[in-house]
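As structure tokens, the structure follows; a few thoughts come after it.
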Amino acid sequence: MEVVTTIEQVRKQVKSWRQSGYSIGLVPTMGFLHEGHQSLMAAAKKDNQKVIVTIFVNPIQFGPSEDLASYPRDLERDKIACEKMGVDLIFCPSASEMYTAHFNSYVDVNGLTDALCGKKRPGHFKGVCTVVSKLFNITQPNRAYFGQKDAQQLAVIKRMVKDLNFDIDIIGCPIVRESDGLAKSSRNSYLSPNERIAAICLYQAIELANLMIKQGERSVAIIDAAMHDVIAKQPLAKIDYIEFVDLQTLKSVELLEQDSLCALAVFIGKTRLIDNFIYQQQHS
């Protein structure tokens, strides 16, 4: 496994692989890797002959009051996690390598970014789309792998790839959870022991919603109220949003009559956690 820090080094390696006819899978990350990231690497390894993992805490997707400076970083640990999964190349550039002086070109996807985290974190997806576009151009992958936990990000990137004619397959991979149901996230490392216990309320709310849907409930208002009740019982939790949206357009829905996404963001103490589940209508 090779670890490189410059765009030139990546391009040189990719050119050599391309000339040998190898297919390339890309797993873009912000590091502090966990089993969720490793599941993406495993999928990439299965589908491709070469796998690139990028580790870059992207400054332009963080708002002024967000956790850029404190975002967890541990490159040595990340290298071990990648090596274990059979990754071929790690690209971990500096911010100045990715954004040279006078950088002023951005990629923005409208519409899909108006709801959910896009509404709560203005400019966030502009930063995500810009860095992902750059990583696609630098690594030239056949396929790129993203987790379903960031469901809006996945939808936005799929739209960007379609609209801008990137010749890349975007592969969404299932959420990986802890044994008690909490979605694995680098931000879980911020939680104190009490907050970690409290964080289970996100999954408990999702489980209740799924049970209600299984029993035939289709009213978003009723399911939403029940989810709010579960989380409100947890004193350390503060709901940022719970929203049900159409899976394709991310527009709000009032009844579960089509494939839909339920996404939630909840502050546990000062840490903002996200989770989601997908309702798929039974197609006869």
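The values are calculated or read from the model by the stated rules, or taken from the named source; none is laboratory data. Note that the structure is predicted; figures quoted are calculated from it, not measured. Cβ coordinates were reconstructed from backbone atoms using ideal geometry, including for glycine residues, and neighbour counts include every protein chain displayed. Calculation scope for accessible area: heavy atoms of the full protein, side chains included, ligands and nucleic acids excluded. Shrake-Rupley method; radii C 1.70, N 1.55, O 1.52, S 1.80 Å.
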* Asked: Just wondering, is there one or more residues in segment 264-274 that are touching a residue at least 40 places away in the same chain (Cβ under 8 Å), part of a loop (DSSP other than H, G, I, E, B) and either open to solvent by less than 70 Å² (accessible area, probe 1.4 Å) or closer than 21 Å to Thr113 by Cβ (or both)?
  -> yes
* Based on what the data block shows, is Arg196 within 30 Å of Leu26 (Cβ to Cβ), basic (Lys, Arg) and either outside any loop (DSSP other than H, G, I, E, B) or at pLDDT below 95 (or both)? -> no
* Asked: Looking only at residues in segment 240-261 that are part of a strand (DSSP E or B) and under 19 Å from Arg121 (Cβ atoms), which one is farthest from the chain's Cα centre (by Cα)?
  -> Ser252
* Asked: Given (1) in contact with a strand residue (DSSP E or B) (Cβ under 7 Å, 6 or more places away or on another chain); (2) in a loop (DSSP other than H, G, I, E, B); (3) open to solvent by less than 50 Å² (accessible area, probe 1.4 Å), where does Tyr71 come up short, assuming only one miss?
  -> (1)
* Considering Glu2, Glu35, Glu83, which residue is farther than 30 Å from Pro122 by Cβ, touching a residue at least 60 places away in the same chain (Cβ under 8 Å) and under 16 Å from the mean Cα position of the chain (by Cα)? -> Glu35
* Structure fact -> Of the conditions (1) assigned to a helix (DSSP H, G or I); (2) charged (D, E, K, R); (3) under 17 Å from the mean Cα position of the chain (by Cα); (4) at pLDDT 95 or above, the single one that Lys149 does not satisfy is (1)
* Asked: What's the number of the condition Ile157 fails, among (1) surrounded by 21 or more Cβ atoms within 10 Å (Cβ to Cβ); (2) touching a residue at least 40 places away in the same chain (Cβ under 8 Å)?
  -> (2)
* To do: Kindly list the number of the only condition in (1) of a type in the set (Lys, Arg); (2) within 30 Å of Met160 (Cα to Cα); (3) buried (at least 16 other Cβ atoms within 10 Å of the Cβ) that fails for Arg196.
  => (2)
* Asked: Considering segment 74-94 alone, what residues qualify as being open to solvent by less than 50 Å² (accessible area, probe 1.4 Å) and either acidic (Asp, Glu) or not in a loop (DSSP other than H, G, I, E, B) (or both)?
  -> Asp78, Ala81, Cys82, Asp88, Leu89, Ile90, Phe91
* Hey, could you check segment 207-239 for residues that are open to solvent by 70 Å² or more (accessible area, probe 1.4 Å) and not in a helix (DSSP H, G or I) and say which is nearest to Arg272 (Cα to Cα)? => Lys238
* Asked: If you go through segment 110-122 one residue at a time, do you hit one that is open to solvent by 50 Å² or more (accessible area, probe 1.4 Å) and either part of a strand (DSSP E or B) or modelled with pLDDT of 95 or more (or both)?
  -> no
* Structure fact -> Across segment 43-66, the tally of residues that are over 18 Å from Val3 (Cβ atoms) and either without any contact (Cβ under 8 Å) to a residue 12 or more places away in the chain or crowded, with 17+ Cβ neighbours inside 10 Å (or both) stands at 9
* Does segment 208-249 hold any residues that are out of contact with any helix residue (DSSP H, G or I) (no Cβ under 9 Å at 6 or more places or on another chain), in contact (Cβ under 8 Å) with a residue 24 or more places away in the chain and under 20 Å from Gly181 (Cβ atoms), and which are they? -> Asn210
* segment 95-109, residues that are hydrophobic (A, V, I, L, M, F, W, C), open to solvent by 20 Å² or more (accessible area, probe 1.4 Å) and touching a residue at least 40 places away in the same chain (Cβ under 8 Å) -> Val107
